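Every number here is computed from the coordinates shown, using simple stated rules; none is lab data. What you are looking at is a predicted structure, and each value in this text was computed from that prediction instead of being measured. Don't worry about glycine lacking a Cβ; one is built from the backbone with ideal geometry, like all the others, and counts go over all protein chains shown.
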2 protein chains.
Amino acid sequence: MPDDRPQTRIQKRNRETILEAALEVFSSEGFRGATLDQIASAAGLSKPNVLYYFASKEAIYTELLSTLLDTWLDPLRALDPNGEPIAELVAYMRRKFEMSRQFPRESRLFANEIVQGAPRILDEINGPLKALVDEVAGLIQTWISAGRLAPIDPHHLIFSIWATTQHYADFDVQVRGILLPEGDSHLDTAEDFLVTLYTRTLTPKAD
Amino acid sequence: MPDDRPQTRIQKRNRETILEAALEVFSSEGFRGATLDQIASAAGLSKPNVLYYFASKEAIYTELLSTLLDTWLDPLRALDPNGEPIAELVAYMRRKFEMSRQFPRESRLFANEIVQGAPRILDEINGPLKALVDEVAGLIQTWISAGRLAPIDPHHLIFSIWATTQHYADFDVQVRGILLPEGDSHLDTAEDFLVTLYTRTLTPKAD
DNA sequence: GATCGACTTGACCGTTTGGTCAGAAAAGCC
DNA sequence: GGCTTTTCTGACCAAACGGTCAAGTCGATC
C-alpha cells in the first residue's frame, strides 16, 4: 500500500492505468459483473500488482465513482443566475449532452450504479446533489415568476434534461441499432432536436 | 426438465413463482450480480428445485427478457394513424409512463441489459424493434408534412419519450432522493410535466 | 556499483457460484 | 392401497473469484 503523500512517477502512471482500465470494465459489466482479472488484463498488469495499488476491487470502484460525481455536476454549477434564462438552460443542456458525448463510459458507470439502487452514493444524492438541484430549481422558479420562462415544474425540467441527454450515452446500443445505417452524425441531429425541444418548451407565450 | 406441452398445476405455479422472484433479483442486481441462491431464496424454493424448472440461470433470464420485450412495445403498436396527432403522441407518452409506474422492475431489468451492451437482445433491437420504430417515425413524418405537428425529428422524439418516461423507473432512487420529503404523488406531477413538455413541442405554430 | 526501498509476480487459499446427481417425498391414477 | 410419474432435496463438484504472501526484480540514490 503506497502512502498518500509522496506519489512516485510509477505510482501515478499505474494508478491512472488501472482506473482507466477499471472504468472500461465496470461501465460495461457493472460492479459485480467486473472481475479483477479483467481489470488487470485490460491494464496490462498482473492481478496482485493491481492490488498493490488499490486495497480492493471495491476501493477502485469507489475511487472512480467519487471522482466522477464531482465532474458530473459541474455543468449545473456553471448556470449563470444573471444570464438570459432560455439561453442558460439550453446551454446547460448542451453541456450535459457534451458530457454524454465525451464520457459515455462514465455515464454508463453512473447509470449502472443508480439503476441498481445506488448503494454506494445514496448519501451523496440525498445530501449535496439534492441541495444543488434545489438551488437551481429555485433559480428557475424566479425566472418563471418574472415571466422570462414559460411556467414548468423546475425539478422535472432538470430530470428531463438529465434523462434525454444521458440516454444517448446509456442506451447507445439501442439508439445505434435503431438509427442504423446512419453514421456517427446522429449525435449532432440529437443535439439539434433537444435544442428545439427545450426552446419550444421554455419560450413564454407572446402576450 | 418438464415438457413444453403439458403443464401441470405445480409446474405453472412454480415457474411463475421463480420468474417473479428472478425479476425482483435480476432487476436490482443485474444478470451477473444475481445469484441462483438469491433467486431460490426469494422464491421460497431450494436451488436444485429452481434448476428443475429452468435449465440454467441464463434460461430464466432470457425467458424474462423475451416475455418483457413483447409487452414493452405494446404502447407503440397502439398508436392510431387515424387519430389526432398530438393527442395520439401524448397518449403514447402516457402509456409509456404508466408502464414505468406499474412495472418499474421490468424497466430496470431492460435498462440493465441495454446499458451493459444488450448482449442478449441485440438482434431484437436491430430487427423487429427498429422496424417498428421506423414505421412509427414514418407516420409521424406524414403528420408533420401535413402541418398537423410542429416539425421535429421523429426518431429522436421517440427516443426522448422513452428517456423521459423510463427515467422515473430506472433512476427512481435518484428522483426520490432529490424530491424528498415529497410523497408518492411526485409521479403525478411528473406526468403533468411531460404532458406540457410534449404538447408545447408538438403544437404547430399558429399561422 | 552497492544498498535500500519501491515494484512485481507465481503460487496459493478460502469462499462463492452455477450446476449435477442419486435418491427421498409427494402427487396423480387405477 | 399399490404403482407410476412428478416433484423435491442434501450432498457434492469444478470453476471462478477476491485476496494474500514470500520471494524476486527493478530503479533511484549515494
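For chain A, what is the Kirkwood hydrodynamic radius in Å, using each pair of distinct C-alpha atoms? Intermediate results must be reported in sequence, preceding the final value.
Numbers: mean 1/r = 0.0522 Å⁻¹.
19.2 Å is the Kirkwood radius here.
Expressed as cubic angstrom per residue, what is the convex hull volume of the alpha carbon set of the protein assembly as shown?
Per-residue hull volume (Cα only) is 178 Å³.
Please compare each pair in A:K96/A:K130; A:K57/A:K96; A:K96/B:K205; A:K12/A:K47 to a cut-off of 21 Å on the Cα-Cα distance and tell me which ones are over it.
Checking Cα-Cα distances, A:K57/A:K96; A:K96/B:K205 exceed 21 Å.
If we hang a label 7 Å off Cα along the beta carbon direction at A:D188, how far is it from the matching labels on the other copies, in nm, shortest first?
4.6
Just checking the output field for B:119-131: average partner chain Cβ neighbours within 10 Å of each residue's Cβ?
Average per residue, whole number: 3.
Using just the helices of chain B, give the 222 nm mean residue ellipticity in deg cm²/dmol: DSSP H runs with n ≥ 4 each add -39,500 (n - 2.57), and the total is spread over all residues, rounded to 500.
About -23000 deg cm²/dmol.
Please determine, in degrees from 0 to 90 and to the nearest 10, the orientation of helix B:85-102 with respect to the longest principal axis defined by the Cα atoms of chain B, where the helix direction is its Cα long axis.
The angle comes out near 30 degrees.
Compute from the Cα atoms of region B:9-132 the Rg and the Dmax, the latter being the longest Cα-Cα distance, and quote both in angstrom.
16.7, 54
Under a no-solvent Debye model with one identical scatterer per Cα of region B:1-55, what's log10 I(q)/I(0) at q = 0.31 Å⁻¹?
These q points yield log10 I(q)/I(0) values of -1.24.
About its Cα centre, how strong a charge dipole does region A:65-202 have in debye, to the nearest 20, once Lys and Arg get +1 and Asp and Glu get -1 at the Cβ?
The calculation lands at about 140 debye.
List the residues, sorted by chain then number, that are 5 or more residues from B:T203 or on another chain and whose placed amide H is less than 5 Å from its amide H.
Close amide H contacts, sequence-distant or interchain: B:A150.
Which whole number gives the average, over all residues in B:198-205, of C-beta atoms from other chains lying within 10 Å of the residue C-beta?
Taking all residues of B:198-205 together, the mean is 3.
Which loop-located trypsin sites (Lys or Arg not before Pro) does region A:88-142 contain, where loop means any DSSP state but H, G, I, E or B and the Cβ has at most 16 other Cβ atoms within 10 Å?
In loop regions of region A:88-142 (DSSP not H, G, I, E or B), the sparsely surrounded trypsin sites (Lys or Arg not before Pro) are A:R120.
What gaps in nm, shortest first, separate A:P204 from its twins in the other copies when you place the label 7 Å past Cα toward the beta carbon?
Sorted ascending, the copy-to-copy spacings read 2.8 nm.
Could you list the residues of region B:106-138 with an amide nitrogen less than 13 Å from a label point located 7 Å from the Cα of B:S56 in the Cα-to-C-beta direction?
Flagged as within label range: none.
Please go through region B:141-207 and write out the trypsin sites (Lys or Arg not before Pro) that DSSP classes as loop and that have at most 15 other C-beta atoms within 10 Å.
B:R148, B:K205
I'd like the mean, over residues of A:107-117, of how many other protein chain beta carbons sit within 10 Å of each residue's own Cβ.
Mean number of neighbouring Cβ atoms from other chains: 6.
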